[in-house]
Amino acid sequence: MSHEGIHFVEIDPEEFVKECKAIIDKLEERGIIARILGAMAVYIHTERDKRAREIHSTRFGAGVPMFTDLDLMAYKKQAKKLKEVFERELGFLPDRMVNVLFSDRRLIYYHPEGKFHVDVFFNKLEFCHDVNFGEEPGKGRLELSKYAITPTDVVLEKLQIHEINPKDIVDLIVLFLTHELAEEEGEGKINAKYIAKVLADDWGFWYDSVENLKKVKAYASQMVKEGRLKEEEMEKVIRQVDLLLKIIEEEPKSKNWMKRAKEGTSKKWWRDVEEIVR
């Protein structure tokens, strides 16, 4: 697996997660809601599971650091206060160009000692497809889970990727292995009903999600061959994915979905993601 151009965080994962949680605590002290996204969210949701940690630590390959940066989701309405905490209290250095050009959607900060950088997104992730978190503190999805976005939202964050990578598939496998599908949010749960509702209104997101879930099943069996996953673990992942696919299929689709479904793949159904040069 090539890691060219990827900047890894060289701190011990436990230490890094502790430092990131301290940032969330500091923001919370000031009344600002922010939650961790991505692989670190998976790490936080499986903290007490030793086996999950073993599997997850191979996401980039054996011996390669787990994390590349800290990604946060916050509410746009609290952006001004968030900037003050990062710059004045935590001493992080702003990426002035990005923070001026994209301030309505995201901010980038650099650790004062250069250890890592922080990407802060507001209200929603706008990559290949949109993952919404709400606009109002107290009324959005960020408060549903401590420190990290919910496992449900991590699943959506990974499924929206048009060209999914093995590392993102490993994140999903770890979640499906350690969380049960449910019809509500909660510790140890993935709200399959919410995922199905989101996808039932967006054909493009639905299409990429279904394709990605099929890839999860295929990769799980590849991991068994590589000795990274046990046979019974693969079987559990496949059972969970099949059940999620069934729930997604049975959810009534919206008019938007139906209309877009008629064009299918004859018209581009995802958004290209331009990586901001750091």
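In table form, for the structure just shown:
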quantity	calculated
Volume per residue that the Cα convex hull of the stretch 52-91 spans, once the total is divided by residue count, Å³	108 Å³
Fraction of accessible area attributable to carbon and sulfur, the stretch 11-261 (%, probe 1.4 Å)	51 percent
Label-point separation in nm, Tyr110 to Glu187, each point 7 Å along Cα→Cβ	4.0 nm
Cross-link reach list, lysines versus Lys18, counting only Cα pairs under 20 Å and skipping chain neighbours closer than eight places	Lys26, Lys50, Lys115, Lys146
Cα shape, the stretch 154-218, gyration tensor, a/c 1.5 rule	oblate
Furthest towards positive pole of dipole, Val155, Tyr75, Phe102, structure part the stretch 11-261, Cβ charges	Phe102
Solvent-accessible area per residue for the chain (1.4 angstrom probe, square angstrom)	49 Å²
Taking N as its residue count, the alpha carbon Rg of the stretch 92-193 over 2.2 N^0.38 Å	1.22
The chain: calculated mean residue ellipticity at 222 nm from DSSP helix runs of at least 4, using -39500 (n - 2.57)	-14000 deg cm²/dmol
With all protein chains modelled, accessible area of Glu249 [1.4 Å, Å²]	140 Å²
DSSP bridge pairs, the chain: antiparallel proportion in percent, nearest 5	60 percent
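The values are calculated or read from the model by the stated rules, or taken from the named source; none is laboratory data. What you are looking at is a predicted structure, and each value in this text was computed from that prediction instead of being measured. In this analysis, Cβ positions are derived from the backbone assuming ideal geometry, glycine residues included, and neighbour counts consider all displayed protein chains. All accessible areas refer to the heavy atoms of the entire protein, side chains included, with ligands and DNA or RNA removed. Shrake-Rupley method; radii C 1.70, N 1.55, O 1.52, S 1.80 Å.
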